[in-house]
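The values are calculated or read from the model by the stated rules, or taken from the named source; none is laboratory data. No experiment lies behind these values; they were computed from the predicted model shown. Here Cβ is always computed from backbone atoms with ideal geometry, including for glycine, and neighbour counts include all displayed protein chains. The protein model used for the area step is the full one, side chains on, heavy atoms only, and it has no ligands, DNA or RNA in it. Shrake-Rupley method; radii C 1.70, N 1.55, O 1.52, S 1.80 Å.
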Amino acid sequence: MSLSPVVPEKRPAEELNRAVILLGPPGAGKGTQAKKLAAKYAVPHLSTGDMLREHIAAGTELGAKAKPIMERGELVPDSLVLRIVADRIEKPDCSHGFVFDGFPRTVAQAHYLGELLKQHGFRRPIVIHLVVDTSLILRRITGRRMCKVGGEIYNIYERPPKVEGRCDNDGGELAQRPDDREEIVGPRLKAYEKQTEPLVAYYTRLGLLYDVDAAKSVEEVEQSVWKTLHLARGGH
Ligand SMILES: [Zn+2]
């Protein structure tokens, strides 16, 4: 069984024609910016998590291999992730480029991706590094509270409710999701930093990495990402 990618009907005025890689810690808005960028250039937004889930849903051979590993909550091995990526970028909707979110994770994956892109005749990728202070991310995530009734999202530091612990709309109780607790988020951020340092060094050495300040609003970061990308492409 094969997957049927969505081919955009309308092409943008400016083609991307390459891979854009978004690097950034959890909570930096990587997924949001990747989606916006992909929409702007009418190219696919490729998240390895989504690709794996698509393979599982479509019952492909790769999906069958990934399923038990993911169900055990383990990390899918490089060999499988790389095959899924290689398979995906050959699809027709990837011919004008694509935006990666959450890939590559390691220097080995980055090296392999570089070779793969060369083989397919793409230019060198542009890596956008969303830089944001970890203490700010910690505040963003650990301050998040959700209404148990209507699902509204608050932040006790940045967007507190009028009455502590109660939703402004319906008075519902505000609760923290278990994954948003400091003892979960703190170690995740540390692990991310440790894992990403060599990747940042690798792409810096190749001259492909561009820092973007991601501590601002979603709209401001979006503008910076576009400007940076335009400059990185040399205006075309
Ligand atoms: Zn509510």
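Numbers at a glance
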read-out	value
Count of Lys pairs (Cα-Cα under 28 Å; at least 8 positions apart or interchain) in the range 64-184	5
Positive dipole terminus of the chain, leading residue within Gly73, Ile89, Cys147 (C-beta point charges)	Ile89
Total charge dipole magnitude, the chain, about the Cα centre, Cβ charges on Lys, Arg, Asp, Glu only, Debye to nearest 20	320
Exposed GluC sites (Glu not before Pro) absent - longest run of the chain, DSSP non-H/G/I/E/B, at most 14 other C-beta within 10 Å	165-236
Within straight-line cross-link reach of Lys227, lysines at Cα separation under 18 Å, skipping those fewer than 8 residues along the same chain	Lys30, Lys35, Lys36, Lys40, Lys216
With Cα atoms, 0 to 90° folded angle of helix 48-58 axis to the chain main axis	80
Share of carbon and sulfur in the accessible heavy-atom surface of the range 102-223 [1.4 Å probe, %]	52
Per residue accessible area of the chain, 1.4 Å probe, in Å²	55
